[in-house]
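The values are calculated or read from the model by the stated rules, or taken from the named source; none is laboratory data. Note that the structure is predicted; figures quoted are calculated from it, not measured. With ideal geometry, Cβ positions are generated from the backbone for all residues, glycine too; neighbour counts draw on all protein chains shown. All accessible areas refer to the heavy atoms of the entire protein, side chains included, with ligands and DNA or RNA removed. Shrake-Rupley method; radii C 1.70, N 1.55, O 1.52, S 1.80 Å.
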Amino acid sequence: MSLRAELIRLGLRLLLKRHKQPFDVQTWRDNMRGMETWVPRSPRGTETIVVDTGRIKFCRIRTQASRPERHLLYLHGGAYISGAPIYYRHFTWRIADALKTHVWTLEYRLAPEHPFPAALEDAFEGYKWLLEQTTEGSRLFVMGDSAGGGLALSLLLKLRDERISLPLAAVAMSPWTDLALTGESLKLNAKVDPMLNPRDVPEFVRCYLAGADPTSPYASPLYGETSGLPPVLIQVGSDEILRDDARRMAEKLRANNARSRLEIWPRMPHVWQLFVPVLPEAHAAIAQIGSFVAELEDAI
């Protein structure tokens, strides 16, 4: 583990884990907006445009490495109550480079104003729209982090159930897959997770589900049947409270598709890949994502 990673863990703990105030949606969103100015801009040569279809909105990122036939739907995190493509501008261009793809970051509706299943409906519509824009021989991928990672997996279930053509592969970083909150790591890692406070998680559930069944596979993909799904790469940190969400989901995926893979990275914080401007392990994780997709394509 790098010295930079240890410093980031310490900084996150001081900044986030010492927060004692009761959870409030607006405060959560305001804190995220305050971080916007710290997000590095994409380098010169990256094309970023907003695409509004009238029903849904994307931020499309293309680099010089992006191939015309490759497209990736990205679903951002934020506990279903916050987040936007602008917070990912330092990251998505790197994914575009690593996978040689166009990245379409979806601006899906947020809870509590738009509770479940609004986010999934938007993800489903966004994927179908992308599918309609592509030509024969195109390669589609789905990717997400945290809540967006869980949303990506729920999207796979819905696409399969609706008999829609599935993506070649999916990637989920630190995915939230169990809104029933039964994972042992929620307690076991409560103190060592440098970023997430377990006491906030039930509030996230309340805001998003608004009374809906937390074991619905479209809300918690851990409870879904995984046959017929494409290969999925899951990356998670060993000290995360969501570690068991990732571990148990990966076990179900691999039971039906041996090409699915779980990577548990020692002592990495929640979605450490987003610290890529300063963290060597983030660069390594993104490289692993690129290798996973390349290996799948070589096997076709």
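Structural remarks
- Scanning region 220-230 for residues that are of a type outside the set (S, T, N, Q) and either within 19 Å of residue 1 (Cβ to Cβ) or touching a helix residue (DSSP H, G or I) at 6+ places or on another chain (Cβ under 6 Å) (or both) returns 221, 222, 224, 228, 229.
- Against the list (1) at pLDDT 85 or above; (2) exposed (fewer than 12 other Cβ atoms within 10 Å of the Cβ); (3) not in a helix (DSSP H, G or I), the condition residue 21 fails is (1).
- Residue among 244, 213 that alone is within 23 Å of residue 114 (Cα to Cα), at pLDDT 95 or above, of a type in the set (Asp, Glu) and surrounded by fewer than 22 Cβ atoms within 10 Å (Cβ to Cβ): 213
- Scanning region 129-142 turns up no residue that is more than 21 Å from residue 234 (Cα to Cα) and touching a Gly at 6+ places or on another chain (Cβ under 9 Å).
- Single match in 67, 89, 55, 94 (criterion: open to solvent by 10 Å² or more (accessible area, probe 1.4 Å) and either closer than 22 Å to residue 208 by Cα or touching a Phe, Trp or Tyr at 6+ places or on another chain (Cβ under 6 Å) (or both)): 55
- Residue match in region 189-196 (condition: of a type outside the set (Asp, Glu), modelled with pLDDT under 95 and closer than 26 Å to residue 211 by Cβ): yes
- Within region 183-197, none of the residues are out of contact with any Asp or Glu (no Cβ under 8 Å at 6 or more places or on another chain), over 15 Å from residue 240 (Cβ atoms), surrounded by 15 or more Cβ atoms within 10 Å (Cβ to Cβ) and in contact (Cβ under 8 Å) with a residue 12 or more places away in the chain.
- Test result for residue 130, open to solvent by less than 50 Å² (accessible area, probe 1.4 Å), among the hydrophobic types (A, V, I, L, M, F, W, C) and without any contact (Cβ under 8 Å) to a residue 40 or more places away in the chain: no
Okay, residues lined up against (1) in contact (Cβ under 8 Å) with a residue 24 or more places away in the chain; (2) open to solvent by less than 10 Å² (accessible area, probe 1.4 Å); (3) among the basic types (Lys, Arg); (4) within 30 Å of residue 86 (Cβ to Cβ):
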{"position": "220", "(1), (2), (3), (4)": "yes, yes, no, yes"}
{"position": "228", "(1), (2), (3), (4)": "yes, no, no, no"}
{"position": "232", "(1), (2), (3), (4)": "yes, yes, no, yes"}
{"position": "235", "(1), (2), (3), (4)": "yes, yes, no, yes"}
{"position": "256", "(1), (2), (3), (4)": "yes, no, no, no"}
{"position": "269", "(1), (2), (3), (4)": "yes, yes, no, yes"}
{"position": "274", "(1), (2), (3), (4)": "yes, no, no, yes"}
{"position": "285", "(1), (2), (3), (4)": "yes, yes, no, yes"}
{"position": "297", "(1), (2), (3), (4)": "yes, no, no, no"}
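- Condition check for residue 144: under 22 Å from residue 201 (Cα atoms), open to solvent by less than 40 Å² (accessible area, probe 1.4 Å) and in a strand (DSSP E or B): yes
- Counting only strands (runs of 3 or more DSSP E) that sit wholly inside region 39-134, those with at least 1 residues that are within 16 Å of the chain's Cα centre (by Cα) are 57-62, 70-75, 102-106.
- Residue identified as surrounded by 15 or more Cβ atoms within 10 Å (Cβ to Cβ), among the charged types (D, E, K, R) and in contact with a strand residue (DSSP E or B) (Cβ under 6 Å, 6 or more places away or on another chain) among 13, 9, 62, 29: 62
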